[in-house]
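The values are calculated or read from the model by the stated rules, or taken from the named source; none is laboratory data. Note that the structure is a prediction, hence the values are computed from the model and not measured. Ligands, DNA and RNA are stripped out before the accessible areas are found, and what is left, the full protein with its side chains, is counted by its heavy atoms. Shrake-Rupley method; radii C 1.70, N 1.55, O 1.52, S 1.80 Å.
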Amino acid sequence: MANRLFRQARQYVEMAKDASGNGNQQELISKAKNALSSAYANSTFAEQQQLQELQSEIDQLK
């Protein structure tokens, strides 16, 4: 998976999950959502399925 946007989205999701209870978690969630949106438009079908799973993880953090 050489898709830079995909990797960046995954990284932001992990950062948001790790920031649980931290004051900047909402900011990281917002960045993750933006990254997921950008990555989705430029990804293969397999990557899109993984991005949907990452989106579900972000939705649970709200």
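Quick look at the values:
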| quantity | calculated |
| --- | --- |
| Whole-number percent relative contact order across the chain, with pairs defined as alpha carbons under 8 Å at least 6 apart | 42 |
| Nearest 10 degrees, 0 to 90: helix 25-41 Cα axis against the chain principal axis | 10 |
| Gaussian network model of the chain, Cα within-10 Å springs - most flexible of Ala35, Ala19, Ala46 | Ala46 |
| Residues of the chain: accessible area per residue with a 1.4 Å probe, Å² | 64 |
| Carbon/sulfur fraction of accessible area - the chain, other protein chains in place, 1.4 Å, % | 44 |
| Residue-span extension gain [Gln11 to Glu53] - 0.36 nm each, minus C-alpha spacing | 13.8 nm |
| Angle in degrees between helix 45-61 and the longest Cα principal axis of the chain, rounded to the nearest 10 | 10 |
